Amino acid sequence: MEDKEFETWMKDLVETFTCNLSDTQRCTVLDQVIAVSEATQLRHLSTKLESLLKRDFLRLLPLELAYYLLTWLDPTTLFTCCLVCKHWNKVINECTQSWINGCHQLGLKVSGLDAEMKTGLQWKTAYLHTLRRKRQLTNGSAFECVTLYGHTARVYALYHRDGKIATGSDDQSVRLWDIASGQCVSVIQTHTCADIKFDNVKLITASFDNTIACWDRRDRKSVV
């Protein structure tokens with residue numbers, strides 16, 4: 001078929017297909033065309049259909065509208081969308097309001113963070129950190145537990161200051177512990193402690209027998 005004949009034939013075919021056929025008839029025509037097509041035509045058809053049906057709305061929409069749509073997604077869905085492609089990951093990471101919404105859902109107070117948090121990626125990082133800490137608090141892994149051994153009776157008093165813990169026990173002793181190492185650094189023999197306090201120089205204990213004692217931390221001698 002000559003080019004001019006083909007153009008005329010194509011024009012008539014398109015006009016008939018679009019103007020004279022119902023939807024059902026159009027589908028029938030396409031079925032017949034597909035049935036008689038060879039590999040070259042089917043490959044061409046597949047390529048055309050893929051570009052028509054699989055449209056990347058994050059690329060096609062204005063960025064502001066894409067950001068607006070993303071604010072309706074929950075964080076779990078956002079993380080899934082980040083796996084689609086590099087472009088989606090970039091756009092979602094830059095969508096500040098989506099990650100602010102996620103932080104709100106976790107109960108994070110965002111009003112005081114506005115000045116230092118400038119980008120969506122920073123808010124995403126804050127969300128992940130808060131989510132991780134919340135899970136650690138739930139499963140009990142947020143804090144490292146260490147058992148300190150030394151007292152031979154019940155511990156009634158405890159005081160923390162400057163990386164040290166003082167404990168008072170029913171065994172009539174006070175022990176000073178280093179938090180970092182978990183080691184006992186000092187032992188003072190005193191009365192049964194109901195309460196205890198210390199500073200850089202003195203250690204004061206109060207007992208159930210209505211007495212108070214003051215000790216020099218350096219030489220462990222009673223001041224009062």
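The values are calculated or read from the model by the stated rules, or taken from the named source; none is laboratory data. The structure displayed is predicted, hence computed values, not measured ones. Every residue, glycine as well, gets a Cβ built from its backbone with ideal geometry; the counts of neighbours run over all protein chains shown. Please note that ligands, DNA and RNA were not included when accessible areas were found on the heavy atoms of the full protein model with its side chains. Shrake-Rupley method; radii C 1.70, N 1.55, O 1.52, S 1.80 Å.
One table, with the values for the structure above:
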{"item": "Close pairs from segment 97-122: first more than 13 Å from Thr71 (Cα to Cα), partner at pLDDT 75 or above and loosely packed, with under 13 Cβ neighbours inside 10 Å, Cβ under 8 Å, at least 6 apart", "result": "Val110/His104"}
{"item": "Hits in segment 144-160 - residues which are open to solvent by 80 Å² or more (accessible area, probe 1.4 Å) and not hydroxyl-bearing (Ser, Thr, Tyr)", "result": "Glu144, Cys145, Val146, Arg154, Leu158, His160"}
{"item": "Count - residues of segment 112-143 that are among the aromatic types (Phe, Trp, Tyr), modelled with pLDDT of 90 or more and open to solvent by 90 Å² or more (accessible area, probe 1.4 Å)", "result": "0"}
{"item": "Some residue of segment 197-204 being touching a Pro at 6+ places or on another chain (Cβ under 7 Å), open to solvent by less than 70 Å² (accessible area, probe 1.4 Å) and of a type in the set (Phe, Trp, Tyr)", "result": "no"}
{"item": "Filtered residues of segment 42-76 (kept if among the polar types (S, T, N, Q) and open to solvent by less than 50 Å² (accessible area, probe 1.4 Å))", "result": "Thr71"}
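A quick yes/no check of all residues on (1) part of a helix (DSSP H, G or I); (2) among the basic types (Lys, Arg); (3) within 30 Å of Thr205 (Cβ to Cβ):
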position: Leu65; (1), (2), (3): yes, no, no
position: Thr77; (1), (2), (3): yes, no, no
position: Val84; (1), (2), (3): no, no, no
position: Gln97; (1), (2), (3): yes, no, no
position: Lys118; (1), (2), (3): no, yes, no
position: Arg132; (1), (2), (3): yes, yes, no
